[in-house]
Amino acid sequence: MAPVTIQGIKKVYGTVKVVHGVNIEVANGEFVVLVGPSGCGKSTLLRMVAGLEGITEGEILIGGRVVNSIPPKERDVAMVFQNYALYPHMTVAENMGFSLKLAARPKADIDRRVAGAASILGLEKLLDRLPKQLSGGQRQRVAMGRAIVRDPQVFLFDEPLSNLDAKLRVQMRTEIKALHQRLGTTTIYVTHDQVEAMTMADKIVVMRDGVVEQIGSPLDLYDRPQNVFVAAFIGSPAMNMLSGRLIDGGFAAADGVRFACDAQGQAREGQKVVFGIRPEHIDLHEAGVEARVIVVEQTGSEVHVATRIGDNVLNCVFRERISLQPGETIKVLPRAGHGHLFDEASGQRCNAQTSRKALDS
């Protein structure tokens with residue numbers, strides 16, 4: 001295990017700036033997830049840590065040692081790729097032990113490490129098979145096993161589950177997290193899937209356009225997003241966003257719909273703001289705002305309801321089983337203390353919470 005420090009990292013391809021002065025601290029044994037939309041620079045950053053991409057500016061330290069000019073094979077990191085990157089003509093055992101063979105390790109040591117990794121990953125009965133004889137999940141386990149046998153200081157995962165079906169992704173992310181808890185190896189994991197980030201990470205780094213938008217624990221980002229981008233990106237279903245102003249100490253949308261709120265900090269009277277509320281933080285309540293039901297989705301454990309309030313669509317998630325039909329009118333109310341206000345111009349968070357009362361003018 002080793003800590004990883006990313007200091008002022010920049011990456012430029014010709015005249016195109018891809019990563020803009022990123023700073024990240026990964027503690028010893030920590031599981032950090034880099035998350036963001038495609039093209040945000042997260043995979044490029046991971047490849048720079050691995051040594052597969054050059055660094056335009058800044059420093060990367062692994063275990064306190066600057067590794068900018070150190071080749072990949074000497075950085076003591078192991079990378080698991082999206083496409084598995086297995087040799088098709090080699091068996092599972094040969095794929096897993098190949099890096100050790102290149103390092104001229106004794107055969108007995110290679111066999112011992114491969115057997116140990118196979119036991120951890122449930123691959124004991126597959127060691128003699130070729131990659132074409134394996135399922136996608138089994139191939140990903142082999143790729144992970146190849147990393148484990150090296151016993152590196154740092155694991156690097158580059159969207160390892162994106163080629164798997166939904167059910168298998170859920171299973172594999174549980175296995176990866178369990179593997180980290182067992183081995184305790186420092187891990188940096190890249191994904192565009194915020195559900196993976198929320199369920200796996202000790203710490204999440206949200207990126208956009210080569211810039212870090214926010215760093216924090218999953219619940220930090222969920223409960224207190226620092227800007228509109230993070231608020232909209234983290235959480236499924238996504239946070240509802242309504243544009244309006246602060247009027248008489250409350251939020252007023254352009255169509256006249258109003259919610260009372262306790263504005264603090266940078267929020268001021270008349271300020272143009274974005275009001276955010278997560279779908280699961282909206283309740284059915286007689287004191288609420290009238291909303292017309294558009295779509296109802298029954299998931300079994302929850303009811304997802306898309307409604308229209310004035311000119312805005314408001315998505316709601318109700319835990320109780322209710323029977324609703326499109327066209328019906330219901331009354332909904334943001335739950336006290338769960339609303340978010342963001343400055344419309346900058347997109348940055350205002351310190352504000354909604355109160356229980358709603359007003360419909």
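Remark on residue 283: its backbone amide H falls under 5 Å from those of 333, 335, a criterion applied only to residues 5 or more positions apart or on other chains, H modelled at 1.01 Å from N.
Note that the range 73-160 shows a convex hull volume over its alpha carbon atoms of 90 Å³ per residue. Relative contact order for the range 116-200: 30 percent, from Cα pairs under 8 Å spaced at least 6 residues apart, divided by residue count. Under Stokes-Einstein, with the Kirkwood radius over Cα pairs as Rh, the value for the range 89-128 at 25 °C and 0.890 mPa s is 244 µm²/s. Solvent-accessible area per residue in the chain equals 46 Å², computed with a 1.4 angstrom probe and all protein chains kept. Rounded to the nearest 20 debye, the dipole size of the chain about its Cα centre is 1100 debye, using +1 on the Cβ of Lys and Arg and -1 on the Cβ of Asp and Glu. Since only 232, 58, 115 are under comparison, the one whose Cα sits farthest along the positive direction of the charge dipole of the chain, derived from C-beta charges on Lys, Arg, Asp and Glu, is 115.
The HN-Hα couplings worked out from phi for the range 317-326 by the Karplus form 6.51 cos²θ - 1.76 cosθ + 1.60 (θ = phi - 60°) are 10, 10, 6, 6, 7, 10, 9, 10, 10, x Hz, whole numbers, x standing for Gly and Pro.
Computed across the range 191-274, the Kirkwood radius stands at 14.3 Å (inverse of mean 1/r, all Cα pairs). The peptide list 234-240, 316-322, put in order of mean Cβ contacts within 10 Å with the highest first, becomes 234-240, 316-322. Principal axis analysis of the Cα atoms in the range 118-190 yields extents of 31, 26, 17 Å, listed in decreasing size.
Under 5 Å between amide hydrogens, built in the peptide plane, is the criterion, and for residue 207 it picks out 35, 36, 213 among residues at least 5 positions away or on other chains. Each part reduced to its alpha carbon centroid, the range 193-211 and the range 86-116 end up 33 Å apart. Normalised by 2.2 N^0.38 Å, where N is the number of residues, the alpha-carbon radius of gyration of the chain equals 1.18. Summarising the amide proton neighbourhood of residue 12: residues at separation of 5 or more, or on other chains, whose placed amide H is nearer than 5 Å comprise 18, 56. Here the range 18-63 was treated as a single set of alpha-carbon atoms; its pair distances binned every 10 Å from 0 give 23, 60, 18 percent. Dipole check for the range 24-131: with +1 at the C-beta of Lys and Arg, -1 at the C-beta of Asp and Glu, and the Cα centre as origin, the magnitude is about 340 Debye.
The values are calculated or read from the model by the stated rules, or taken from the named source; none is laboratory data. Everything numeric in this text was worked out from a predicted model, so none of it was measured. Quick reminder, even Gly has a Cβ in these numbers, built from the backbone with ideal geometry, and neighbours come from all protein chains shown. Accessible surface areas use protein heavy atoms only, side chains included; no ligands, DNA or RNA. Shrake-Rupley method; radii C 1.70, N 1.55, O 1.52, S 1.80 Å.
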